[in-house]
Amino acid sequence: MLSSGARHRKTVRATLLEHLGSGKPLTAEGYRLLLATYENVKPDKQLAPVLDDLVGIIEGPRGRALLKQSSGLGVLSRLARQLVQVQRWESAMRMHELYFAYQKSLPIDLTRSLFLVANRIGPEALARALVIHERVLKRRPAMDDITPIKIAATRARKTLAAAGLKAPGPPSVGNKLGALIAAIQASGGARGKDGQRFAKPKPLPAAALKKLTLPGGKALSPSIAQWLAFDASWLPLFSKGTAWNSVTLAEFLGAYAVSLGRSAALGVDYAKAHVDGTQPKTPVVVLPPLGKQDQLLVIDRVGKDGEVPVYARRGETIFLKHRSFGEYLVGYLRSST
């Protein structure tokens, strides 16, 4: 005699096969049945046959019509996650890839599970996962700032290297900034993390860009030059024309001291105490904040790649936040869509 749980699974499976296999649109009732499947059947081996049936339907001739419906990708996302829980690794990998094929992107949770699944399968699957990840980054550059995903991608590359396989390289600062600019152009505008909205970029004329240097006379970093060729008006980089809106590090920290009711002269002490190796007179350019942290270009810290780092201020402490202006922009700006 069947237990109540077994009877429920058998009923759900039969109803799903009848409803989804009929080719009818996925109605609210059909979606409710799918939710019932996931909510009332524990994610163990007994659930696997129901999930296998769903995989067969989605990969079959009627699956395309199902996925084109408004709730279709939600079904696919749920199915991919449940396949992971019952350790149907190959099917889970195909569902992740199918989601990407329809959406041209992956949400954060599916990106993380993509690497988990690929790692269970082997190096070839990891290579496929990295290709998808690099394509996602072109549309959503900020995804690379999410630590668990960055760690998963790095481990995947190391695994491929140990197996003697070639992995797609991580996107350079220029590629990520270029992808951001392309997304902004496609959407017609941008918005900052602080809520500001931007439209109609005004590039710096080529002749002016060619002559421009950083405060103090250092050469423009590649990402600053790349951005100014696209827009020179959205961020408060210049006070007038191409005159940089810069102050010294001591002046910046002195203003913070004044905001606390202290003496501006403390800016020199703060600079010496909290920014190792940087002189109080070093020029800095203050950028729009990220959250409650001030952001500033510190001009004397130019890397081997010519990039100028962005530091953050929390209290009277200054610390490295982004290794380049481009990385800062990718974190601050989003396309309007």
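Could you rank the peptides 155-163, 83-91 by their average count of other C-beta atoms within 10 Å per residue, with the highest value first?
83-91, 155-163
What nm value, rounded to one decimal, do you get for the distance between Arg314 and Ser233 when each label is placed 7 Å out toward the C-beta?
Roughly 3.7 nm, to one decimal.
Which of Glu134, Glu307 comes first, and how do the rest follow, when ranked by fewest Cβ neighbours within 10 Å?
By the 10 Å Cβ count, ascending, the order reads Glu134, Glu307.
As an exercise, use a Förster radius of 22 Å and the Cβ-Cβ distance of Ser187 and Asp305 to find the FRET efficiency, rounded to the nearest 0.05. Numbers along the way, then the final one.
Working: r = 29 Å, r/R0 = 1.31.
Efficiency at R0 = 22 Å is approximately 0.15.
Per 0.36 nm of contour for each residue apart, how much would the distance between Ser259 and Lys281 grow if the chain were fully extended, relative to their Cα-Cα spacing?
Length difference between fully extended and current span is 5.9 nm.
Each label point is 7 Å from the Cα along the Cα-to-Cβ direction; what then is the distance between the points at Lys158 and Gln196, in nm?
It is 3.9 nm.
If you average the sequence gap of Cα pairs under 8 Å that are 6 or more apart and divide by the length of the stretch 86-148, what percent do you get for the contact order?
Relative contact order for the stretch 86-148 comes out at 33 percent.
Between Gln85 and Ile151, what is the label-to-label distance in nm when each label sits 7 Å out along the Cα-to-Cβ direction?
2.3
Please find the FRET efficiency linking Ala219 to Arg323, where r is the Cβ-Cβ separation and R0 is fixed at 22 Å, and quote it to the nearest 0.05. Each step should come with its number before you reach the end.
On the way: r = 17 Å, r/R0 = 0.78.
Once the sixth-power term is evaluated, E becomes 0.80.
Would you work out if the stretch 222-335 is rounded, prolate or oblate? Take a ≥ b ≥ c from the square roots of the eigenvalues of the alpha-carbon gyration tensor; rounded if a/c is under 1.5, else prolate when a/b is larger than b/c, oblate otherwise.
Prolate.
What is the stretch 88-166 by shape, rounded, prolate or oblate, if you read a ≥ b ≥ c off the alpha carbon gyration tensor as root eigenvalues and call it rounded for a/c under 1.5, prolate for a/b larger than b/c, and oblate otherwise?
oblate
Can you flag which of Lys210/Lys304; Lys104/Lys150; Lys158/Lys218 are past 27 Å Cα-Cα?
Pairs exceeding 27 Å: Lys158/Lys218.
Want the number for Ile121 to Gln293: 0.36 nm per residue separation, take away the alpha-carbon distance, what's left?
57.7 nm
Quick one: order His133, His96 by neighbouring beta-carbon count within 10 Å, fewest to most. Walk me through the numbers on the way to the answer.
Details: His133 24, His96 29.
Result, fewest neighbours first: His133, His96.
What is the packing order of peptides 251-259, 177-185, taking the mean over residues of other C-beta atoms within 10 Å and listing the highest first?
177-185, 251-259
Read-outs throughout are calculated quantities, based only on the coordinates presented, and are distinct from any laboratory measurement. In this text the structure is predicted, and so the values were computed from the model without any measurement. So basically every Cβ, Gly included, is an ideal-geometry build from the backbone, and we count neighbours across all protein chains shown.
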